[in-house]
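The values are calculated or read from the model by the stated rules, or taken from the named source; none is laboratory data. Source: prediction; values computed, not measured. Neighbour counts are summed over all protein chains in view; Cβ atoms, including those assigned to glycine, are modelled from backbone coordinates with ideal geometry.
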Amino acid sequence: MPILLCFTFRSLWLDNHTDNHEELNTMTDSPNNIRPGAIQPVINRNRCEGKGDCATVCPYDVFTIGTLPPEDRKGLNIIGKVKGFVHGWQQALVTNMDACHGCGLCVTQCPEDAITLTRIK
Ligand code: SF4
């Protein structure tokens, strides 16, 4: 039984730490000369706790903290649902996506490691 629980939590952890986006390494792929909107932040909904560090640090007001819509809660894993409920479904929302300059500050500032950057154009 303990082995089954370990395997289950390992699977959930991997779900939280991987996604299908083309992630940028902000340390080596410095996007300083990338035009605004070519890169956007992607928030791992299973990890975000709405602490707001990203909204505070972003120089271009890309984020707001708000209530995660019910339709966006359906794909959460069990840990994400528990965290979302406990935090009143407050999460970072990307409300000004085209303003992103890809500086990476939000990625390094997020205490939950919930943000990655992806190239979209
Ligand atoms: S990468 Fe920079 S500009 Fe883009 S959302 Fe994060 S902090 Fe804002």
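Across the stretch 41-52, which residue is farthest from Phe85 (Cα to Cα) among those that are out of contact with any Asp or Glu (no Cβ under 8 Å at 6 or more places or on another chain) and surrounded by 20 or more Cβ atoms within 10 Å (Cβ to Cβ)?
Pro41
Have a look at Ile43, Ile78 and point out the one that is within 14 Å of the chain's Cα centre (by Cα) and at pLDDT 95 or above. Just one listed residue meets the conditions, Ile43.
Flag: Thr108 matches the condition of being within 12 Å of the ligand (Cβ to nearest atom) and of a type in the set (Ser, Thr, Tyr).
If the condition is being of a type outside the set (Gly, Ala, Ser), within 15 Å of the chain's Cα centre (by Cα) and either more than 16 Å from the ligand (Cβ to nearest atom) or in a helix (DSSP H, G or I) (or both), then the stretch 57-75 contributes Val57, Thr67, Leu68, Asp72, Arg73.
For the stretch 76-105, the candidate set comprises residues that are polar (S, T, N, Q) and not in a loop (DSSP other than H, G, I, E, B); within that set, the residue that is nearest to the ligand (Cβ to nearest atom) is Gln91.
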